[in-house]
1. Most fluctuating residue of A133, A51, A32 in a GNM of the chain with Cα springs under 10 Å: which is it?
2. State the extension gain, in nm to one decimal, for the chain segment bounded by A138 and D52, taking 0.36 nm per residue of separation less the distance between their alpha-carbons.
3. Two decimals is fine: what is log10 I(q)/I(0) at q = 0.18, 0.20 Å⁻¹ for the stretch 1-101, from a Debye sum with one equal scatterer on every Cα and no solvent?
4. About its Cα centre, how strong a charge dipole does the stretch 33-73 have in debye, to the nearest 20, once Lys and Arg get +1 and Asp and Glu get -1 at the Cβ?
5. If I take every Cα pair under 8 Å that is 6 or more residues apart in the chain, average their sequence separation and divide by the length, what percent do I get for the relative contact order?
6. If you take the Cα Rg of the stretch 75-138 and divide it by 2.2 N^0.38 Å, with N the number of residues, what do you get?
7. Expressed as a whole percentage, what fraction of the accessible surface of the chain belongs to carbon and sulfur atoms when a 1.4 Å probe is rolled over the protein heavy atoms?
8. Hey, what's the stretch 102-167 come to in accessible area per residue, 1.4 Å probe, Å²?
Amino acid sequence: MAAARPALARAFLQQCVSARLQVKPPEPGSEAEWVEIQRGLVIYICFFKGADEDLVPKIVNTLLNVKLSENESGEYVSVLELPGNVLIVPQATLGGRLKGRKMQYHANIEKEKGRELYSQFVTLCEKELAANAKGMEANVLVRHGTYGNRQVLKLDTNGPYTHLIEF
């Protein structure tokens, strides 16, 4: 039996009623900046060493088409079919492994490469949702956090509907 290849990315999905993400902390003379969505999906994403731009379309296709959200009839549909908003959160801590009593992140991709893949991921999600007829009709939003920064998240969920998917 062949050894399983190591994961190249990990995504954590949460269905939400609403979510707010602080993308810029308050500074003297200015308030914090937030992005927010209403009903939809929060996607936390982490890339590992070995991930490249060829992987991004597969991840986007899977995450936007997986049937996790309930419509008015109680059927499970994708965020594209719902249609719902998407909030994308870069989440390097998804790459952590427990060693003793500490977390280590040796499998995570290098910061600059991770920033590039995250940017491509966000752009492709925006394109896919913009091209979706139901999404266009419903003015679906894609919002996202800032790669490499600590951010505050406020989330209202109607679940918990939480799923972890590895690529």
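1. Of A133, A51, A32, the most mobile in the Gaussian network model is A32.
2. Details: separation 86, 0.36 × 86 = 30.96 nm, distance 3.25 nm.
So the chain would gain 27.7 nm between A138 and D52.
3. Taking Cα atoms of the stretch 1-101 as identical point scatterers yields -0.98, -1.07.
4. Its charge dipole is roughly 180 debye.
5. About 35 percent, as a whole number.
6. So the stretch 75-138 has a normalised radius of gyration of 1.54.
7. 51
8. Details: 4430 Å² over 66 residues.
Accessible surface, normalised per residue, equals 67 Å².
The values are calculated or read from the model by the stated rules, or taken from the named source; none is laboratory data. Fair warning: this is a prediction, and the values are worked out from it, not measured in the lab. We place every Cβ from the backbone using ideal geometry, glycine too, and count neighbours over all the protein chains shown. These area figures cover heavy atoms from the full protein model, side chains too; ligands, DNA and RNA do not enter into them. Shrake-Rupley method; radii C 1.70, N 1.55, O 1.52, S 1.80 Å.
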